[in-house]
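Everything below concerns the one structure shown next.
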Amino acid sequence: MQQVEVRLGAHTVAATAASAPEPVAGGQVLRGRTVTARFPAPPRRFYRHGWQSWSQTRWVPVDEAVAPVPVPDLWAFDDDPVHADAAVQGGAVVGAVEDAGGVLLLGALGISGRVELTADGLTATSDTTDRWFVAYGDEDDVFAAYAQLLGAVVGRRRLPDQRVWCSWYSFYGEVTESALHDVIDDLDGLAFDVVQVDDGWQRQVGDWEANDAFPSGMPALARRIRAAGFRPGLWLAPFLAHERSQLYRDHPGWMLRDANGAPVSAGWNWDGRVHAVDVTHPEALAHVVEVLRTAVGWGFDYLKLDFVYAGALPGVRHTGTERHEAYRRAIRAIRDTVGDDVLLLACGAPVIPSLGIFDAIRVGPDVAEVWENTEVTRYLHRLAAPQARYAVATSVHRLWLQPLIGTDPDVTYFRTRFCLLTEEQKAVVTDLTRVCRFRATSDIPATLDPHEVDALAAYLTEDVEIQRLGRYRFDIAGREVDFGPVASAPPVMLPAVR
Ligand code: 9PG
């Protein structure tokens, strides 16, 4: 390691790296498994980039206390469990600080790494790369330059605007074939591209066959969706095995294990423990790939692959491959199998390792029919739990990814029935879906009032021009929209209960 001076525009930043910095477009490249960049000026806020889709991502005041991820064993989906107890602010792959004059960004030119806020600078470490981009200047410029270089390393896939009807936020786990038949009829005349069947169709998480609520089977449902003029979409969580699944019972040897040989917990959901498939096990990966080949064979060509962080959890792997590399090889195998024409949407996904392979990614936690779930935020510190406010806040902070991948902010609502969001709150979520260029809802026309059906129909066909005016401000078809009050407000939390 050596002390180096890094010229960044008119500024010079002191850094430590393995060798002299190399100039690139918009900044410099530092080399080393660990590098640091010292603050050019006293920092005010730290850009904390969450590990996976649902992990909180925002500008954190530098003096804000670090809230630990609560009970990572149960809620493995909140952030990277490896850093659940970190004592300092940190984020995955990229980090930045804002001072009075600009933004200092330090980001891996690779798929994994951690950037932490230390007393006098940003410190970055990675197991998969020794190349880091460092830049200082205007926020948009430094993030755009990073996205450009990152895309050259990990790839990019551009996605046309999407208009998706998704079953989850109306039916949740109670979805049935006959209910979907009614919805498909009801969607007639609405300009959706995709009708996506979410969680609830499968026998068990891990057993990807139609359950008794889908007596005609999945190929028939895909045909029905397509006959109605929509692209058939399907939800799967291919890297999970529920403790009550056949997969888990039949193939204990395919599960990711901890150092003591016990199956790793991938969280608690569906009324039980879920485990992670070791995607480096050749038979396990062959099985996962076969599941996806089958789904495509049924006629679904829009696949929402959920809870895929399970492929990158820490643990003892069959091959010993680094966890993010293991994840990436598995999703690459999936892409190679389904081909380029199947639209792959990542959800609950490690963000940067998904670039270049997925077409789109969920960029925030789930929305919900409530603005804030105070029990889970205030008492459990779970900003990744479903609630509209933090879904908006995290998604807004991920827009710099747009040149690399489609950004899915989750669904919006037009309905007043079965929804506790105010008109203003629904408008914020709806505007976010416009900015993200990913318009989705679970609303069922039959449960909407006539003026709500009209609003939905207009939303699906509108062609709005969007211009970014600032970190949180946008011009949406001539209207100025400011997400700042929602996105920059600190989370409302009490001391954690652990
Ligand atoms: C299906 C859902 C939907 C949704 C996904 C994902 O923290 N949690 O307990 C938690 C539960 C569900 C969840 C995310 C987090 O939702 O984002 O769109 O597909 O799975 O089960």
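All of the numbers you see were taken from the coordinates with simple rules; none came from a lab. Owing to the predicted nature of the structure, the values given are computational and were not obtained by experimental measurement. FYI the Cβ positions are ideal-geometry reconstructions off the backbone, even for glycines, and counts take in every protein chain you see.
A few remarks follow.
- Centre separation in Å (Cα based) which lies between the range 474-489 and the range 310-324: 40 Å
- Anisotropy class assigned to the range 71-123 is prolate, per the alpha carbon gyration tensor with a/c at or over the 1.5 cut-off and a/b larger than b/c.
- At 1.567 mPa s and 4 °C, Stokes diffusion of the range 334-404 via Kirkwood alpha-carbon radius, µm² per second: 96 µm²/s
- Neighbour counts of C-beta atoms inside 10 Å place Met1, Met218, Met493 in the sequence Met1, Met493, Met218, starting with the fewest.
- Largest-first ellipsoid semi-axes for the range 251-318, taking √(5λ) over the Cα gyration tensor eigenvalues, angstrom: 24, 15, 9
- Full-extension gain in nm, Glu174 to Thr416, via 0.36 nm per residue minus C-alpha separation: 85.1 nm
- Summed residue charge, Cβ within 12 Å of Gly9's Cβ, Lys/Arg positive, Asp/Glu negative: -1
- Its Cα gyration tensor gives the range 363-449 an equivalent ellipsoid. The semi-axes, each the square root of 5 times an eigenvalue, are 20, 19, 9 Å from largest down.
- As a proxy for reagent exposure, Thr394, Thr16 were ordered by neighbouring Cβ count within 10 angstrom, fewest first; the result is Thr16, Thr394.
- Within-12-Å neighbourhood charge of Ser55 [Cβ basis; K, R +1; D, E -1]: +2
- Gap separating the Cα centres of the range 18-90 and the range 152-183, nearest whole Å: 31 Å
- Distance in nm between pseudo-label sites at Gln148 and Val82 (7 Å out along the Cβ direction from Cα): 3.0 nm
- Values of log10 I(q)/I(0), in the order q = 0.14 Å⁻¹, for the range 47-140 under a Debye, Cα-only, solvent-free model: -0.49
- Across every direction, the projection of the convex hull enclosing the Cα atoms of the chain has a mean area of 22.1 nm².
- Computed extension length for Asp161-Glu465: 108.2 nm, one decimal, from 0.36 nm per residue of separation with the Cα-Cα distance subtracted.
- Ratio of Rg to Rh over the range 216-364 (Cα coordinates, Kirkwood Rh, two decimals): 0.97
- Rg and Dmax of the range 417-462, both derived from C-alpha coordinates alone, stand at 10.6, 27 Å.
- About its Cα centre, the dipole of the range 1-112 is roughly 400 debye, where the only charges are +1 on Lys and Arg Cβ and -1 on Asp and Glu Cβ.
- Surrounding net charge for Met255, when Lys and Arg each add one and Asp and Glu each subtract one, Cβ distance under 13 Å: -1
- Distance from the range 380-448 to the range 185-250 (C-alpha centre basis), Å: 22 Å
- Principal semi-axes in Å for the range 128-202 [√(5λ), Cα gyration tensor, largest first]: 42, 16, 11
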